[in-house]
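Student: The structure under discussion is supplied below as structure tokens; questions concerning it will follow.
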Amino acid sequence: LAQKWGAIYGVPLSLILAVIFKESGGNPLAKGPTGDWGLMQITQPALTDFNNKTGHNWNLLELQDADKNIQVGTWYLSWLYSQLKDWTKTLRAYNVGIGRIKQSETAGIWYASDVLAIQKKIEEVNV
């Protein structure tokens, strides 16, 4: 699923897998303390953006479906990248929101560093 949506939205497979590992440890039923859902821990604002920009009308409960969750998360990474043109900033925004990273040079930096380190390990294994 990650390979399919990565190809469609232009996001590296290793990055999608790293976000999944960091966000949920691969648990499709994961629910975060702030209401994030599924493999990629999708927030309501990210889902609303996805729905508004793609014409879908999905709710958070539907994000327990791995395919939908990865589609939304990968779309959101792609959209953030189209705005920020940098994967580190994209990951920071995925974690704390695009508005916060525009206000702070450090918001979400630990998250981006962790995900990029996981991505590097995934790429090393799959060489």
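Student: Within the stretch 34-127, list the GluC sites (Glu not before Pro) lying in a DSSP loop whose Cβ has at most 12 other Cβ atoms in a 10 Å radius.
Tutor: Sites meeting the loop and neighbour criteria: Glu105.
Student: With label points built 7 Å along Cα→Cβ from the Cα atoms of Lys102 and Gln3, find their separation and express it in nm.
Tutor: 3.8
Student: If you don't mind, there's one more thing I want to ask. With every protein chain in place, what's the accessible area of Val96 (1.4 Å probe, Å², nearest 10)?
Tutor: About 40 Å², ignoring ligands and nucleic acids.
Student: Quick check: net charge around Lys85, other residues with Cβ under 14 Å of its Cβ, Lys/Arg +1 and Asp/Glu -1?
Tutor: Taking every other residue near Lys85 into account, the sum is +2.
Student: Compute the whole-percent fraction of alpha carbon pairs in the chain spaced more than 18 Å apart.
Tutor: That tail contains 49 percent of the Cα-Cα pairs.
Student: Same structure again: Compare Leu84, Leu63, Leu17 in a GNM of the chain, Cα atoms joined below 10 Å, and give the one with the largest fluctuation.
Tutor: With Cα springs under 10 Å in the chain, the top fluctuation among Leu84, Leu63, Leu17 is at Leu84.
Student: Okay, moving on. Which of Asn95, Asn27, Asn57 moves the most in a Gaussian network model of the chain with Cα springs under 10 Å?
Tutor: Comparing Asn95, Asn27, Asn57 in a Gaussian network model of the chain, the most mobile one is Asn57.
Student: Among all helices in the chain defined by DSSP H, which have a length of 18 Å or more along the axis from Cα atoms plus a Kyte-Doolittle mean of at least -0.5?
Tutor: Membrane-span-like by this criterion, though nothing is claimed about a membrane: 66-84, 109-125.
Student: A follow-up question, please. Restricting attention to the stretch 1-89, which trypsin sites (Lys or Arg not before Pro) occupy a DSSP loop and are surrounded by at most 16 other Cβ atoms within 10 Å?
Tutor: Sites meeting the loop and neighbour criteria: Lys85.
The values are calculated or read from the model by the stated rules, or taken from the named source; none is laboratory data. Since we're looking at a predicted model, the values are computed, not measured. Every residue, glycine among them, receives a Cβ derived from its backbone with ideal geometry; neighbour counts consider all protein chains shown. Keep in mind that these areas ignore ligands, DNA and RNA; they rest on the heavy atoms of the full protein, side chains included. Shrake-Rupley method; radii C 1.70, N 1.55, O 1.52, S 1.80 Å.
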